[in-house]
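A.B. asks: Encoded as structure tokens, here's the structure I'll be asking about.
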Amino acid sequence: MAEANWYVVHTYSGYEKKVEADLNKTIVNRNLQDQILKVFVPMQSVVEIKNGVEKAAEKKIFPGYVLIHMVMNDDTWYVVRNTRGVTGFVGPGSKPVPLTDEEMAGLGAPQDVVVGFEVGDTIVVTSGAWKDTVGVVRSINEGKKTLTINVEMFSRETSVELAFTDVKKM
């Protein structure tokens with residue numbers, strides 16, 4: 001399965017929460033929980049003063065935009081694009097551009113990092129130049145979502161850093 005990324009969807013102004021609710025209903029109705037993982041409207045807490053009274057309120061950080069964590073394919077694109085209130089994905093033409101992890105870090109998006117590895121676990125590499133290589137986890141970097149293993153190369157132990165998505169536990 002392809003990797004899930006964060007995408008930005010443009011909506012009619014004021015429809016952000018409605019789009020979020022409609023998409024969440026559609027995800028459940030069409031059983032797309034494994035493809036559209038999270039719909040998120042970035043909000044911030046503010047204190048408003050009206051008529052001399054302070055009142056806490058939630059304010060949209062990016063009015064007119066909704067963030068979606070999803071696996072991009074024809075089905076998910078169609079579902080999101082044809083949701084009432086959505087005008088399109090952000091990107092050139094009709095090609096959505098995913099946000100980077102650095103861009104998402106500053107937006108307050110929920111970070112669902114569950115590390116399924118521990119130091120000392122035996123893993124096998126599932127993709128890339130080291131595919132089918134077996135190694136033992138030496139260190140884990142949750143921030144970068146990587147782990148380090150030692151592999152034998154030219155009769156020497158060499159450290160290799162791999163993404164969580166490129167390995168699986170044996």
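A.B. asks: Give the residue from V136, V160, A2 lying farthest towards the positive end of the charge dipole for the chain; charges sit on Cβ (+1 for Lys and Arg, -1 for Asp and Glu) and the dipole is referred to the Cα centre.
C.D. replies: A2
A.B. asks: Say R0 is 45 Å: what FRET efficiency, to the nearest 0.05, do L107 and E152 get from their beta-carbon distance?
C.D. replies: Numbers: r = 42 Å, r/R0 = 0.93.
Approximately 0.60, to the nearest 0.05.
A.B. asks: OK, next. Applying the Karplus parametrisation 6.51 cos²θ - 1.76 cosθ + 1.60 with θ = phi - 60° to the phi angles of region 83-90, what ³J(HN,Hα) value in whole Hz is obtained for each residue in order, glycine and proline being reported as x?
C.D. replies: In residue order, the calculated couplings are 7, 4, x, 8, 9, x, 7, 7 Hz.
A.B. asks: Within a Cβ distance under 11 Å of V46, other residues only, what is the Lys/Arg minus Asp/Glu net charge?
C.D. replies: So the environment of V46 carries a net charge of 0.
A.B. asks: Express in nm, to one decimal, how much length is gained between Y78 and E54 on full extension, taking 0.36 nm for each residue of separation and deducting their alpha carbon distance.
C.D. replies: Difference between extended and current length: 4.3 nm.
A.B. asks: Mean separation of Cα pairs under 8 Å and 6+ residues apart, divided by the residue count of region 1-88: what relative contact order is that in percent? Before the final figure, lay out each step's value.
C.D. replies: Working: 142 pairs, mean separation 40.9, N = 88.
47 percent.
A.B. asks: Calculate the length of the line joining the C-alpha centroid of region 36-63 to that of region 150-166, in whole Å.
C.D. replies: Cα centroid of region 36-63 versus Cα centroid of region 150-166: 46 Å apart.
A.B. asks: Calculate what fraction, in whole %, of the accessible area of the chain sits on carbon and sulfur atoms when a 1.4 Å probe is rolled over the protein chains.
C.D. replies: Carbon-and-sulfur percentage of accessible area, whole number: 50.
A.B. asks: May I pose another question? How far is it, in nm, from the label point at V28 to the one at V124 when both lie 7 Å from their Cα along the line to the Cβ?
C.D. replies: Modelled inter-label distance: 3.9 nm.
A.B. asks: Here's another thing I want to ask about it. Relative contact order for the chain: what percent, with Cα pairs under 8 Å and sequence separation of 6 or more? Don't skip to the end; give the middle numbers.
C.D. replies: Working: 279 pairs, mean separation 36.1, N = 170.
Relative contact order for the chain comes out at 21 percent.
A.B. asks: Which chymotrypsin sites (Phe, Trp or Tyr not before Pro) in region 64-170 sit in a loop by DSSP (not H, G, I, E or B) and have at most 11 other Cβ atoms within 10 Å of their own Cβ? Don't jump to the answer; show the numbers that get you there.
C.D. replies: Working: sites: Y65, W77, Y78, F89, F117, W130, F154, F164; in loops: F117, W130, F154.
For chymotrypsin sites (Phe, Trp or Tyr not before Pro) across region 64-170 that sit outside H, G, I, E and B with at most 11 neighbouring Cβ atoms in 10 Å, the list reads F154.
A.B. asks: In what sequence, largest accessible area first, do E103, E48 appear using a 1.4 Å probe? Walk me through the intermediate numbers first.
C.D. replies: Working: E103 95, E48 65 Å².
The most accessible residue leads, giving E103, E48.
A.B. asks: Please give me, ordered by residue number, the trypsin sites (Lys or Arg not before Pro) of region 3-39 that lie in loop per DSSP and have at most 14 other Cβ atoms within 10 Å. Show your work: numbers first, answer last.
C.D. replies: Numbers: sites: K17, K18, K25, R30, K38; in loops: R30.
Passing both the DSSP loop test and the Cβ count: R30.
A.B. asks: Please state the relative contact order of region 127-169 as a whole percent: Cα pairs under 8 Å, 6+ residues apart?
C.D. replies: On the way: 52 pairs, mean separation 13.4, N = 43.
Relative CO of region 127-169 lands at 31 percent.
The values are calculated or read from the model by the stated rules, or taken from the named source; none is laboratory data. Everything numeric in this text was worked out from a predicted model, so none of it was measured. No Cβ is skipped: glycine too gets one built from the backbone with ideal geometry, and neighbour counts run over all protein chains shown. All accessible areas refer to the heavy atoms of the entire protein, side chains included, with ligands and DNA or RNA removed. Shrake-Rupley method; radii C 1.70, N 1.55, O 1.52, S 1.80 Å.
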